[in-house]
Structure formats: structure tokens, C-alpha cells
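To keep things clear, I will list the structure first and then write my remarks on it.
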């Protein structure tokens, strides 16, 4: 499938084309895998930050209207930002997107969110040390992927309070602005 765009809608077009393309022909208008990964991450990171700041932090910490909980359904509470991110990722996969993404950490509260592949381990260590994105190609299940790993930083006190106090957290000294984990985004390569 060939994807074509004009300059005005390149970002949206690339993201939509990639989401529903099985071949992921993304070199339109000179866009490479890094460009597409960066654009998709910009959208993900913005949505996650808006939810964390304007919903969770405001309603739980500032206005004290409702709390956020990992057991949100039972507690009749807000979904945690990490859960919201995962639910979005699962819905993207259900809709047949050609790419995938997840939120992983070297210090996961939930052990299923630990890095598993060699590239994830290398990338998360690099991002934790430098605070900058990491890019590498990898082959999984016989398929080649462009893997981009981005820092996921504590943007409000609610982030650090939750992680530092959680009974299953392997790290309890996070500060505002610290890298707490990473967004791992994989784009299929031709």
C-alpha cells in the first residue's frame, strides 16, 4: 500500500496510514521511521500528560474530588495514567494497527511492565541514564521492527507519590522530572 500526503496533513496522514497499513510504506514526503515514531510519540505523550495533569492531578490532588486507583472499577475511582495508556494501546491493537506501543520501566510496579527483549533492556537503561530517546532496529518473531524508546517522566506530584508509596514499587525515591519508565514504540519495517 502506497501512502501519499500533502504538506498540510503529513503528520496525521502518516499516523493514520501507518495505523491501518500492513506494509507501512512510510517514506512519503521524506518521512523516515524515526520521524513517524517521533510524531506518534508526540501525540501519545501529549495525551498522557493532559490526562495526568488536567484529570488525575487536578481531581485527586488539587480539588480532592475523586481518587485514582489501580483498582479503579472496584474503588469507583479514576483510571491511573499508566492504565489509561495501556488501555489505549490495547484498543489500537484491536483496531488492527501495524505498529504497537507500551509503557515499560526498569522499576515496574507491575512486573509485566519490565523490559523483556535485549533492545528494550538496552534502550530503557540508555533512556534512564540520558533522559533522551533511543532508536534501534530489532527482529522479533521473524519480523523486522524500528524500535523507538522515549523517556516517561514524572510530570506531577501525583506520579511520584503513587510510585514512591506503592507496596510493589522497587524504587521509592522518585522526584518530579525523573525518568520513571519509557514508552516503547515499534514500527514494522519492510
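The values are calculated or read from the model by the stated rules, or taken from the named source; none is laboratory data. All figures in this text were calculated on a predicted structure; none of them were measured in a lab. Here the Cβ positions follow ideal geometry from the backbone for every residue, glycine too, while neighbour counts run over all protein chains shown.
Report whether or not residue 118 is out of contact with any strand residue (DSSP E or B) (no Cβ under 6 Å at 6 or more places or on another chain) and more than 22 Å from residue 54 (Cβ to Cβ). Yes, satisfied. Pairs meeting the criteria (first residue in the stretch 44-55 and closer than 17 Å to residue 150 by Cβ, second residue surrounded by fewer than 17 Cβ atoms within 10 Å (Cβ to Cβ), beta carbons under 9 Å, at least 6 apart or on different chains) are 44/88; 47/88; 48/88.
Just one of the numbered conditions (1) closer than 19 Å to residue 166 by Cβ; (2) in contact (Cβ under 8 Å) with a residue 24 or more places away in the chain is not true of residue 86: (2).
Among the residues of the stretch 68-93, just one is modelled with pLDDT of 90 or more, over 17 Å from the mean Cα position of the chain (by Cα) and either within 26 Å of residue 39 (Cα to Cα) or in a loop (DSSP other than H, G, I, E, B) (or both), namely 76. Within the stretch 23-43, the residues that satisfy the criterion of being under 19 Å from residue 148 (Cα atoms) and modelled with pLDDT under 90 are 23, 24, 25, 26, 27, 30, 31.
Report yes if some residue within the stretch 110-129 is in contact (Cβ under 8 Å) with a residue 60 or more places away in the chain and more than 12 Å from residue 182 (Cα to Cα); otherwise report no. So far as the stretch 110-129 goes, no, none of its residues is in contact (Cβ under 8 Å) with a residue 60 or more places away in the chain and more than 12 Å from residue 182 (Cα to Cα).
For the stretch 134-160, residues that are touching a residue at least 24 places away in the same chain (Cβ under 8 Å) and assigned to a helix (DSSP H, G or I) total 3.
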